[in-house]
1. Which of the residue pairs 54/77; 54/156; 77/142; 54/149; 77/156 have a Cα-Cα distance greater than 30 Å in the structure shown?
2. Given an 8 Å cut-off on Cα distances and at least 6 residues of separation, report the relative contact order of the range 98-236 as a percent.
3. Within straight cross-link reach of residue 123, meaning Cα distance under 15 Å, which aspartates and glutamates are found once same-chain residues fewer than 8 apart are removed?
4. Output the antiparallel fraction of DSSP beta bridges having both residues in the chain, as a percent to the nearest 5.
5. Can you work out the accessible area per residue across the range 77-138, with the rest of the protein chains kept in place, probe 1.4 Å, in square angstrom?
6. On the protein heavy atoms, probe 1.4 angstrom, tell me the percent of accessible surface of the range 123-232 carried by carbon and sulfur.
7. Residues with amide H under 5 Å of residue 100's amide H, sequence separation 5 or more or different chain, H placed in the peptide plane at 1.01 Å from N; which?
8. Using a cut-off of 16 Å between alpha-carbon atoms, which aspartates and glutamates can reach residue 216, once sequence neighbours fewer than 8 places away in the same chain are excluded?
Amino acid sequence: MLLFLSLLSCLPAPAFAQGDGLRIVTMELGVCGRMEEGRPSGFCYDLGNTLAIKAGFEPRNRLVPLARGVEEMVSGKADMMITPPEGEIADLAEDIGPVKAMTMVAWARVETPLRGVRDLAGKTVAVLRGSRHERDRARELKYIPFPCKNHELGFKMLMVGRVDAVIGPLTGLTEAARRLGLHRRFLGEPLILERDFMRVYVSKRLPQAERARLRKALHRLIEDGTVARLRDRYPL
């Protein structure tokens, strides 16, 4: 009996029993991650948990602002984040796959038409704090960034004249405007800036074998329709 217990103790522990589980940070932003009836939910939140469990990990998922999430991924305080390629995350974490197409736009009031990217030059633009639109894209397109925690705040600044435009994903901005009761007639036509993907990023500090398990689990979730069903439940 003692020999059996000794051998049992030498077996590798299941992933969910190691350390603190898989540390996931989810953007607290629109349908990506939010509190509903006192509980966190959203496309990125639910997908993160589902992916971790599918790969054999216990998910430790928290809602955080985008800037903090990227910072924690870069500093090693988090293991996984579902986000567009923001800040340093694309260089310091492994992209294991895209999960949702996104169209990034700039949106202004109807009296400030945006016909092309040159129209953004010199304008003050509300952007998500911690996003690549706060620094890299601002330098490239020559606008003045006004960092905001979320898109609702960006639209509020737009309507009181603090900013000239708002940048974000088209569907996310549309949902934010709807929640604020902002009538469509007050807004001009959105200017398409780029098309990108929401991606799953995994820290390179995780062992290669664990990253491979997460990548395989994501492929299975895509193939069996789980990711598509979550997109339908939480349209981005």
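1. Beyond 30 Å between Cα atoms: 54/156; 77/142; 54/149; 77/156.
2. Relative contact order for the range 98-236 comes out at 36 percent.
3. Reachable aspartates and glutamates: 111, 134, 140, 164.
4. Bridges in the chain that DSSP calls antiparallel: roughly 65 percent.
5. Dividing the accessible area of the range 77-138 by its residue count gives 41 Å².
6. 53 percent
7. Correct list: 198.
8. 94, 95, 224
The values are calculated or read from the model by the stated rules, or taken from the named source; none is laboratory data. Since the model is a prediction, treat every value here as computed from it, not as a measurement. Quick reminder, even Gly has a Cβ in these numbers, built from the backbone with ideal geometry, and neighbours come from all protein chains shown. Surface accessibility is based on the protein's heavy atoms, side chains included, excluding ligands, DNA and RNA. Shrake-Rupley method; radii C 1.70, N 1.55, O 1.52, S 1.80 Å.
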